[in-house]
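Data block below; observations after.
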């Protein structure tokens with residue numbers, strides 16, 4: 001009788017349909033290969049789910065990037081839609097020590113002025129001493145209001161600390177000023193008003209407020225050895241100097257905010273001759289506002305177009321695979337692109353925006369011609385700036401409808417997709433748990449099968465030996 005052979009190798013595989021195929025399981029059973037093959041098939045739904053999550057996350061990321069660009073664009077346009085927001089001015093001065101800034105409420109004008117004085121802080125120093133006689137000190141401001149302070153000791157450094165802590169509009173510091181006959185360091189208190197202007201002047205006394213009122217306190221600023229380094233003073237300018245209309249104006253600071261509406265004039269030095277401030281329309285800045293908005297719209301259009309486009313890859317065998325873009329077939333982004341394009345190209349008051357330098361390029365994005373805009377602005381400043389503000393408002397409205405935090409349709413889509421991702425991630429976690437349990441079950445099952453087959457193989461080998469022995473001739 002022929003013996004039983006057990007030399008065939010088991011085969012395990014997974015077909016394209018996900019079905020597991022196996023052969024020759026009796027001998028050399030590889031339980032790990034069997035379990036891995038079965039788990040590969042069982043994991044297909046999880047792999048597909050994770051692929052969908054990745055795709056959804058990428059799409060949400062692109063929507064969020066788009067939203068960021070839209071919010072930046074809206075911030076830009078909103079800054080230009082307010083009344084007089086396009087009233088941008090530039091300032092030129094014939095003297096570098098006289099400058100000015102403007103707001104949109106200012107008007108083009110020219111101012112002639114001469115700076116007679118600049119505003120200063122009061123800076124005073126006391127006589128040099130190693131220590132004061134008491135710990136009570138009183139600061140009296142320009143209105144006569146008294147503030148009494150108590151130092152921790154008579155040392156100048158402690159007196160300075162007490163004055164600084166009192167918040168009386170005066171700062172103090174102890175400054176080393178040589179030594180006395182015994183070699184002890186002398187100190188002066190340097191007292192400085194916190195603000196400039198005549199109203200910031202002060203007097204300092206050694207003694208209580210009551211002593212100041214009684215006239216018995218020591219005036220630290222008039223004592224022998226004391227000095228006022230700089231007196232508190234106002235800034236003063238003369239408008240239209242040398243004319244019958246000459247007029248002096250003062251300020252407690254070196255800024256004049258009320259010379260003409262919307263203009264703040266700053267002075268830094270006395271001038272010996274009149275200087276002229278020329279405030280004119282800033283055509284370059286106005287043009288830049290248009291360029292900023294149109295460029296931002298074009299960038300958003302280009303971003304949408306790029307994300308709408310799919311890609312085709314070719315394998316070594318010549319076969320091709322098409323992969324859709326993040327926005328392929330997405331009606332929302334297509335609508336947004338059209339709305340933005342309409343906002344910056346649709347006529348205003350029956351006039352084409354091309355005459356203001358705004359046009360559509362061959363690839364469908366918008367572009368800005370600053371030379372054309374400059375010509376239009378020079379010809380009719382009011383109509384041109386009004387038209388641009390209309391454009392800015394239309395852009396702002398289009399952006400708001402898409403990216404408003406509560407009502408925007410793109411914002412809403414992002415929230416919906418994020419909720420879907422969370423649901424899918426929860427399902428993915430459940431799949432992980434389920435597959436782990438399934439693997440454990442399969443491992444146990446096929447380990448037991450391998451043990452049984454091994455036992456059967458041993459029995460077969462034994463029987464084969466017995467049969468072979470019986471068939472041998474005596």
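Structural remarks
- Extended-chain gain in nm, criterion 0.36 nm per residue less alpha-carbon gap, residue 321 and residue 32: 100.6 nm
- For the chain, the longest principal axis of the C-alpha atoms and the axis of helix 283-308 are separated by about 10°.
- The residue 157 and residue 427 beta-carbon pair, evaluated with R₀ = 60 Å, returns a calculated FRET efficiency of approximately 0.25.
- Inter-part distance where the stretch 396-416 and the stretch 188-256 are each reduced to a Cα centre, Å: 58
- The convex hull drawn around the Cα atoms of the stretch 166-210, when projected onto a plane and averaged over every direction, covers 4.7 nm².
- Long-range Cα-Cα pairs in the stretch 88-171 (distance over 17 Å), rounded percent: 66
- From the C-alpha gyration tensor of the stretch 376-417, square roots of 5λ in Å: 35, 6, 4
- Principal-axis analysis of the Cα atoms of the chain puts helix 44-81 at an angle of about 20° to the longest axis.
- With N as its number of residues, the stretch 307-453 has a Cα radius of gyration that, divided by 2.2 N^0.38 Å, comes to 1.90.
- Helix 156-166 vs. the chain, principal-axis angle (Cα, 0 to 90°, nearest 10): 70
- Separation in nanometres of the label points that stand 7 Å from Cα toward Cβ, at residue 447 and residue 248: 10.4
- Cα point-scatterer Debye curve for the stretch 116-259, base-10 log of I(q)/I(0) at q = 0.14, 0.18, 0.21 Å⁻¹: -0.68, -0.97, -1.22
- The label-point distance for residue 229 and residue 379, in a model that sets each label 7 Å from Cα toward Cβ, rounds to 6.3 nm.
- Peptides 437-443, 402-408, ordered by how many other C-beta atoms sit within 10 Å of their residues on average, highest first, read 402-408, 437-443.
- For the stretch 30-52 versus the stretch 99-149, the spacing of their alpha-carbon centroids is 81 Å.
- By other beta-carbon atoms within 10 Å, ranking 149, 348, 118 with the fewest at the front produces 348, 118, 149.
- A Förster radius of 22 Å, combined with the Cβ-Cβ distance separating residue 96 from residue 257, puts the computed FRET efficiency at roughly 0.60.
- This ranking places 462, 187, 409 by how few other beta-carbon atoms lie within 10 Å of each, fewest first, which gives 462, 409, 187.
- Each principal axis of the Cα cloud of the stretch 212-304 was taken in turn, and the coordinate range along them, longest first, works out to 82, 43, 24 Å.
- Alpha-carbon spread of the stretch 282-374, three principal axes, descending order, Å: 62, 24, 18
- A Stokes-Einstein calculation at 20 °C with viscosity 1.002 mPa s, built on the Kirkwood radius of the chain over Cα pairs, returns a diffusion coefficient of 66 µm²/s.
- Kirkwood hydrodynamic radius over Cα pairs of the stretch 200-249, then Stokes diffusion coefficient at 10 °C and 1.306 mPa s, in µm²/s: 112
- Neighbour counts of other Cβ atoms within 10 Å put 413, 285 in the fewest-to-most order 285, 413.
- Sites residue 171 and residue 272, calculated FRET efficiency, Cβ-Cβ separation with R0 25 Å, nearest 0.05: 0.15
- Taking the convex hull of the alpha carbon positions in the stretch 28-71 and averaging its projected area over all directions gives 3.4 nm².
- Computed label-point distance, nm, for sites residue 58 and residue 406 using a 7 Å Cα→Cβ extension: 3.6
FYI, it's all coordinate maths here, none of it is from the lab. Quantities reported herein were computed from a predicted structural model and do not represent experimental measurements. Cβ sites come from the backbone with ideal geometry, for glycine too, and all protein chains shown count toward neighbours.
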